[in-house]
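The values are calculated or read from the model by the stated rules, or taken from the named source; none is laboratory data. Bear in mind that the values here come from a model prediction, so they are computed numbers and not experimental data. Neighbour counts are summed over all protein chains in view; Cβ atoms, including those assigned to glycine, are modelled from backbone coordinates with ideal geometry. The accessibility values were calculated without ligands, DNA or RNA, using every heavy atom of the protein model including side chains. Shrake-Rupley method; radii C 1.70, N 1.55, O 1.52, S 1.80 Å.
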Amino acid sequence: MLVALTVAVSVAALVLAAWCGFAAYRDQPTKDWHFIGMAVVTVLAFVQLVIGIVQLARGEDPAEGSVIFVSYLIGAFAAVPAAGFLSLAERTRWGSATVTAGAVVLAVLEVRLYDIWGG
């Protein structure tokens, strides 16, 4: 697994969490700019998903097993889009708080992915 990509996804997720958390603090719903930030984080997570699957296909094995690794990759990819869709349904400050929670979950999943790979 690429450590630099894992760090990039984690940092981007935490920046998104801080940004949306500040919007929730200011009693604002998610705006278009927040969705652009979610798209950037989602693209990074998708790149990580593809690279992880390619590494598995090349024969590299994670330390804790391929099934759990792929499960965490898919969960990491889905965390922010799921929170984004939920924030569309909740057009109050709690929509921003939902995205904040989803981004924090993604950062935690990244740490776990690093551990599963053998870091």
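Before moving on, here are some points about what is shown:
- Mean projected area of the convex hull spanned by the Cα atoms of the chain, taken over all viewing directions: 6.4 nm².
- When shorter helices are ignored and each DSSP H run of at least 4 residues is given -39500 (n - 2.57), the per-residue value for the chain at 222 nm works out to -29000 deg cm²/dmol.
- Choice from S71, S96, S87 showing the highest fluctuation, given a GNM over the chain with Cα pairs closer than 10 Å: S71
- Relative contact order (%) - criterion: Cα under 8 Å, at least six apart; region: the chain: 43
- In the range 1-85, the portion of solvent-accessible area held by carbon and sulfur atoms comes to 74 percent [1.4 Å probe, whole percent, DNA, RNA and ligands not counted].
- Among complete DSSP H helices in the chain, those whose alpha-carbon atoms stretch at least 27 Å along the helix's long axis and whose mean Kyte-Doolittle hydropathy reaches 1.0 are 3-25, 32-57, 66-89.
- Among the trypsin sites (Lys or Arg not before Pro) found in the range 69-119, those both in a DSSP coil and sparsely packed, with 13 or fewer other Cβ atoms within 10 Å of their Cβ, are R91.
- Based on protein heavy atoms only, the chain ends up with 53 Å² per residue of surface accessible to a 1.4 Å probe.
- Summing charges over all other residues whose Cβ lies under 14 Å from the Cβ of A63, with Lys and Arg as +1 and Asp and Glu as -1, gives -3.
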